[in-house]
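*Asks:* A single structure is presented below for examination.
Values in this text are rule-based calculations from the coordinates and carry no lab data. Keep in mind that what you see is a predicted model, and the values were worked out from it rather than measured. With ideal geometry, Cβ positions are generated from the backbone for all residues, glycine too; neighbour counts draw on all protein chains shown.
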Amino acid sequence: MAPEYDATEFVDSDFQAAHKAARAGTTSASSNVNRAPSREEVDSRVGEAQQKLAELKRVQEELERERASLEETRRRQIEFQTGRQETIQSLTRGIGLLTEAEFASRRDAEQMAKSLAGMREALAKVEATNEEGWNRENFTVELTRALTAIENARMEWNAARLKFSILSGVLNDETAGTTGTGESTRDLLAGRSFGELCKLGLALTWPLAIVALLALGALGLLLADLMRMRH
């Protein structure tokens, strides 16, 4: 006799249990998605959002500090380039001006040294003139020599006055003094006739003319005395 058929022998209870659990989980997940968030979940999300904002703020502050540092570096680089260019231009121009001024100063110093030596020599010759040592025999020669020394000294003095304004009592700078002297000389001679120039020359040289006349007079007296002594 065949055994009786039992339908439960072909049913996998484990599979059915797992299938029921899966269906229950799916149903639970669907219900969780559709359900309203709880207060705890909202508080948690708020906390997470605040943390993210704090992190973003920290990153922003770091970026701001980095940007400020980069801007300061860029400013210093621009300042360096601009300052370097301005300094090179200023120093180059200053070196050129000082080189020219130094050359002019050396030239003027050499001219001043020459004028100073000439004036000292002229002064020594004038001071060496001794009228007490003159006599009838050497009077003419010594007087001529003395007048020549005075004339040379006067020419040396006038030449120095034209070169150096300080000798005329003008305490201006060298360029202004030289320019002023040239302009005053040109203004003095410009627009004058030959007769006026002769009068001006006579006015400037009349001391020499008087000395020459006195010398001629003294020479005439000396010759007259010599003539009388011979007779």
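*Asks:* Measure off 7 Å from each Cα along the Cα-to-Cβ vector at Ile88 and Glu100, then give the distance between these two points in nanometres to one decimal.
*Replies:* Roughly 2.2 nm, to one decimal.
*Asks:* Now for a separate question. Segment 83-161: which trypsin sites (Lys or Arg not before Pro) are DSSP loop and have at most 12 other beta-carbon atoms within 10 angstrom? Present the calculation step by step, with values, prior to reporting the outcome.
*Replies:* Values: sites: Arg84, Arg93, Arg106, Arg107, Lys114, Arg120, Lys125, Arg136, Arg145, Arg154, Arg161; in loops: Arg136.
Filter output for segment 83-161: Arg136.
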